[in-house]
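Every number here is computed from the coordinates shown, using simple stated rules; none is lab data. No experiment lies behind these values; they were computed from the predicted model shown. Positions of Cβ are generated from backbone atoms using ideal geometry, with glycine treated the same way; all protein chains shown enter the neighbour counts.
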Amino acid sequence: MFQPFSDTLTTEEKYHQALLMIEGTLMGESNEIARLANISAVLATVLTDINWVGFYLADTNQKTLTLGPFQGLPACTRIAFNRGVCGAAAQTRTTQRIRDVHAFPGHIACDSQSASELVVPILINDLVYGVLDIDSPTRDRFQKAEQDFIEAVCAKMSHYFEKEKNGA
């Protein structure tokens, strides 16, 4: 299996290298699908103990999310802003770090093996572009370090997408 990260690196060093790879993808590719596919692949490689990572993209009326590029088992294709963890992240525009998805009201079980979830919204010019969703089969898998890392990934994406949309 392709392994771009040395086993001798700390988690923090792997996250830093992954951010550099993601920034290179954002700068070096203009196709949205290609970018998102490679970002989800980088994240699937660097994050351990996960069973799904990918994007849900907001529709133009800002009421539903549609499945985008991902790594993992087939997933739900449409999620309303008022449903599940992804919908909560989109509706509130805040990160959702859920220790036990089975205790989350309205959780959508696309994969019954998922036990915890981290979802970070991606905003462009104050509109929800989509969310980055990560699932794990382990309860309480995501800690502050993963949240900070994924929020940094989404901030980089927002920055590059805003520059492009604003013609900078």
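Here are some notes:
- Given (1) out of contact with any helix residue (DSSP H, G or I) (no Cβ under 8 Å at 6 or more places or on another chain); (2) on the phi < 0 side of the Ramachandran plot, index of the condition D140 fails: (2)
- Here D135 fits the description: crowded, with 20+ Cβ neighbours inside 10 Å, touching a residue at least 12 places away in the same chain (Cβ under 8 Å) and under 17 Å from D49 (Cα atoms).
- Complete set of residues in the stretch 88-131 that are surrounded by fewer than 16 Cβ atoms within 10 Å (Cβ to Cβ), under 15 Å from the mean Cα position of the chain (by Cα) and not hydroxyl-bearing (S, T, Y): R93
- Subset of the stretch 64-87 that is among the small types (G, A, S) and surrounded by 22 or more Cβ atoms within 10 Å (Cβ to Cβ) - its residue that is farthest from the chain's Cα centre (by Cα): G84
- Here is the figure for the stretch 49-82: residues that are under 22 Å from Q113 (Cα atoms), touching a Lys or Arg at 6+ places or on another chain (Cβ under 9 Å) and among the hydroxyl-bearing types (S, T, Y) total 2.
- Verdict on R83 being basic (K, R) and out of contact with any Gly (no Cβ under 7 Å at 6 or more places or on another chain): no
- The set of residues in the stretch 75-106 that are touching a residue at least 12 places away in the same chain (Cβ under 8 Å), assigned to a loop (DSSP other than H, G, I, E, B) and within 25 Å of I33 (Cα to Cα) comprises A75, C76, F81, R83, R93, T94, T95.
- Filtering the stretch 6-23 to residues that are surrounded by 14 or more Cβ atoms within 10 Å (Cβ to Cβ) and among the small types (G, A, S) leaves only A18.
- Every residue from the stretch 107-153 that is assigned to a loop (DSSP other than H, G, I, E, B), of a type in the set (D, E, K, R) and in contact with a Ser or Thr (Cβ under 9 Å, 6 or more places away or on another chain): R139, D140, R141
- Scanning the stretch 47-63 for residues that are farther than 25 Å from N125 by Cα and surrounded by fewer than 21 Cβ atoms within 10 Å (Cβ to Cβ) yields T48, D49, N51.
- All positions within the stretch 17-32 that are among the polar types (S, T, N, Q) and not in a loop (DSSP other than H, G, I, E, B): Q17, T25
- Some residue of the stretch 24-34 being crowded, with 17+ Cβ neighbours inside 10 Å and among the small types (G, A, S): no
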